[in-house]
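The values are calculated or read from the model by the stated rules, or taken from the named source; none is laboratory data. On a predicted model such as this, the values are computed, not experimentally measured, just so you know. Methodologically, a virtual Cβ is constructed for each residue, glycine included, from the backbone with ideal geometry; neighbour enumeration extends over all protein chains shown. In case anyone asks, the SASA skips ligands and DNA or RNA and just uses the protein heavy atoms, side chains included. Shrake-Rupley method; radii C 1.70, N 1.55, O 1.52, S 1.80 Å.
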Amino acid sequence: MTNAPAPTLFERIIAREIPAQIVYEDENYIAIKDIAPKAPVHLLVIPKKVSSRLDEITAEAEMGRLWLTAIKVAAQHLSDYRLIVNVGKGGGQEVFHTHVHVLGGWDSAQAVGFGQ
Ligand code: AMP
């Protein structure tokens with residue numbers, strides 16, 4: 001028996017143990033369609049290097065690469081979009097493997113603002 005922590009849901013998706021709709025992948029990141037979309041386009045950009053939550057990432061280069069990748073993935077699907085990170089249970093985080101939500105695709109009649 002090992003003391004290795006159980007793989008996260010997203011590690012299992014990265015390992016192809018759980019199916020997902022993959023929209024982007026490189027050496028360090030994967031992006032998938034959210035299974036329960038909260039917008040017409042709802043993607044998750046996930047670092048392959050596991051951290052539980054965004055504030056565990058302390059290296060500037062790593063943090064920068066995550067956001068640059070989120071912007072790159074967003075731009076492949078959307079011209080305007082919203083990036084969200086839920087940090088901790090109180091911040092709405094449910095999956096404790098850091099990820100950036102990319103949301104968009106609303107039509108102009110559904111203009112979004114804070115609180116929506
Ligand atoms: P958060 O609440 O920030 O941790 O976001 C977790 C997100 O993961 C939610 O928007 C879920 O809908 C999404 N999710 C959960 N399980 C899956 C899955 N198997 N494939 C894709 N997205 C998932």
Which pairs have Cβ atoms under 8 Å, sit 6 or more apart or on different chains, and link a residue in segment 17-41 that is touching a residue at least 24 places away in the same chain (Cβ under 8 Å) to one that is of a type in the set (A, V, I, L, M, F, W, C) and within 8 Å of the ligand (Cβ to nearest atom)?
VAL23/ILE32; ALA31/LEU44; ASP34/LEU44
Within segment 1-22, the residues that are outside any loop (DSSP other than H, G, I, E, B), within 11 Å of the ligand (Cβ to nearest atom) and open to solvent by 40 Å² or more (accessible area, probe 1.4 Å) are LEU9, ARG12, ILE22
Which numbered condition VAL100 fails, given (1) surrounded by 15 or more Cβ atoms within 10 Å (Cβ to Cβ); (2) modelled with pLDDT of 95 or more; (3) more than 12 Å from the chain's Cα centre (by Cα):
(3)
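In segment 25-47, how many are part of a loop (DSSP other than H, G, I, E, B) and either surrounded by fewer than 17 Cβ atoms within 10 Å (Cβ to Cβ) or touching a Cys at 6+ places or on another chain (Cβ under 7 Å) (or both)?
From segment 25-47, those part of a loop (DSSP other than H, G, I, E, B) are 26-28, 34-40; that's our starting set.
Narrowing further to those that are either surrounded by fewer than 17 Cβ atoms within 10 Å (Cβ to Cβ) or touching a Cys at 6+ places or on another chain (Cβ under 7 Å) (or both): 26-28, 35-38, 40.
Residues in segment 25-47 being part of a loop (DSSP other than H, G, I, E, B) and either surrounded by fewer than 17 Cβ atoms within 10 Å (Cβ to Cβ) or touching a Cys at 6+ places or on another chain (Cβ under 7 Å) (or both): 8 in total.
Any residue at all in segment 64-71 that is in a loop (DSSP other than H, G, I, E, B), more than 13 Å from the ligand (Cβ to nearest atom) and over 13 Å from the mean Cα position of the chain (by Cα)? Can you show your working first?
Here is the first cut: in segment 64-71, the residues in a loop (DSSP other than H, G, I, E, B) are none.
For segment 64-71, residues in a loop (DSSP other than H, G, I, E, B), more than 13 Å from the ligand (Cβ to nearest atom) and over 13 Å from the mean Cα position of the chain (by Cα): absent.
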Among the residues of segment 57-116, which ones are closer than 22 Å to ASN28 by Cβ and of a type in the set (Val, Ile, Thr)?
ILE57, THR58, THR69, ILE71, VAL73, ILE84, VAL85, VAL87, VAL95, THR98, VAL100, VAL102
The lone exception for SER79 - which of (1) under 11 Å from the mean Cα position of the chain (by Cα); (2) of a type in the set (Gly, Ala, Ser); (3) assigned to a loop (DSSP other than H, G, I, E, B) it fails
(1)
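Determine which member of the set VAL50, VAL87 is in a loop (DSSP other than H, G, I, E, B) and away from the ligand (no atom under 11 Å from the Cβ). Even if it seems obvious, please write down each step before you answer.
On the way: VAL87 fails: away from the ligand (no atom under 11 Å from the Cβ).
Within the list VAL50, VAL87, the selection yields VAL50.
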